Every structure is written in C-alpha cells, then in structure tokens.
Amino acid sequence: VSYYPSTTLNINEVTLEDHLFYDTPGLLDENNLGVFISEEKLKDITIKKTIKPLVYQLYDKQSYFIEGLLRIDVLPKEKGSVIFYIADGLKIHRSKLEKGDDYQTKHLSSLSLYLPFDHLSEYDLKGKSLEFEIDGLGIIGFKNIAKIKIHHDQRIRINVRKSVL
C-alpha cells in the first residue's frame, strides 16, 4: 500500500498459488488526516516500522500537542498515563494545562504540520482504559484519566474503543 493517493489506476490481477487477487484503486477516506497533508509531510506521519509506544506518566492536568495536528488536554483521576502509538517522525510537545493556550497561540501556526483546531471533542473516561484511533495518525491510549478534551480539525475522524494494546 502506498501512502500516495492514486498510485493504483487500474484493476490488476495477481495469482499466488491457487488464489487470484485483484489489486484495485483505493477509496479516498475524506476523514483521514493524510488527506489534508502535503505529500512531503505525509512521509513524516506515515508509520514505516514497528511502533515503539511513547508513555507519559502524569499526576496533574497537562496538554499534549502532536505537531500542529492535534491538541489533547488531559485531566487525570489520580496518577494516570497517556500512551502514543504514532510515527517516529512526529513531535509531541507537553505542557501544563494552564500553559496550553499560550503555546497554541505562540507556536502552532508556525509549525510545518498544521491544521486548524476548529472542533473540540470532550470525553468523560471515568478512569476507564480507553484508546482513541485518529485516522491517518495512530492510536492514543489513556489509563486512569478522568476527562480529556481533543482540539482538532473538524474533518478528522476519532474512534473510541476499549484498550487492546
């Protein structure tokens, strides 16, 4: 599978042992983060090797910025953790929650990967372990967290599931 759209233009038949496979042009998923990123920057967010989880332990309220693509405000129940399963090329900035707005105002629009934060999704986790799949970006897990707020482009789809990783 290529991370460039429109690389398969025709239906291609592939025979493997006794099976016939058809390689067809893919469908464009309009809620996938990759649709809104330039081809050059898409290389940075595409996962190319086994993901090593990035684990952050936290005791108080914090904001996490994944480049200029996503902001997550985390309110832990007590001691909690946030686990990122994303491409190595993406940078995460962590700050205290009360400094999140200041960081967003001063730095986000100057980042090379930037989408507007025109939507706010709020979740009451009630301490449950949940994972959030962000199409085109990866998975973010939360353990022992009371609430989170995700600031994102309204076109990006976020799926919530019980922790499996």
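Numbers at a glance
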{"item": "Members of segment 144-165 that are in a loop (DSSP other than H, G, I, E, B), more than 14 Å from Ser81 (Cα to Cα) and not charged (D, E, K, R)", "result": "Gln154, Ile156, Val164"}
{"item": "Residue count for segment 108-143, restricted to those that are touching a residue at least 40 places away in the same chain (Cβ under 8 Å) and not in a loop (DSSP other than H, G, I, E, B)", "result": "10"}
{"item": "Residue in segment 27-35 that is out of contact with any Pro (no Cβ under 7 Å at 6 or more places or on another chain), in contact (Cβ under 8 Å) with a residue 60 or more places away in the chain and open to solvent by less than 40 Å² (accessible area, probe 1.4 Å) present", "result": "yes"}
{"item": "Any hit, segment 3-12, residues being at pLDDT 80 or above and open to solvent by 70 Å² or more (accessible area, probe 1.4 Å)", "result": "yes"}
{"item": "Any hit, segment 15-27, residues being farther than 27 Å from Ser95 by Cα, under 15 Å from the mean Cα position of the chain (by Cα) and at pLDDT below 90", "result": "no"}
{"item": "Matching residues, segment 55-72, being under 17 Å from Phe132 (Cβ atoms), crowded, with 18+ Cβ neighbours inside 10 Å and under 17 Å from the mean Cα position of the chain (by Cα)", "result": "Ser63, Tyr64, Phe65, Ile66, Glu67, Leu69, Leu70, Arg71, Ile72"}
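The values are calculated or read from the model by the stated rules, or taken from the named source; none is laboratory data. Not measured: the values here are computed from a predicted model. Methodologically, a virtual Cβ is constructed for each residue, glycine included, from the backbone with ideal geometry; neighbour enumeration extends over all protein chains shown. Remember, those area values only see protein heavy atoms, side chains included, never the ligands or the DNA or RNA. Shrake-Rupley method; radii C 1.70, N 1.55, O 1.52, S 1.80 Å.
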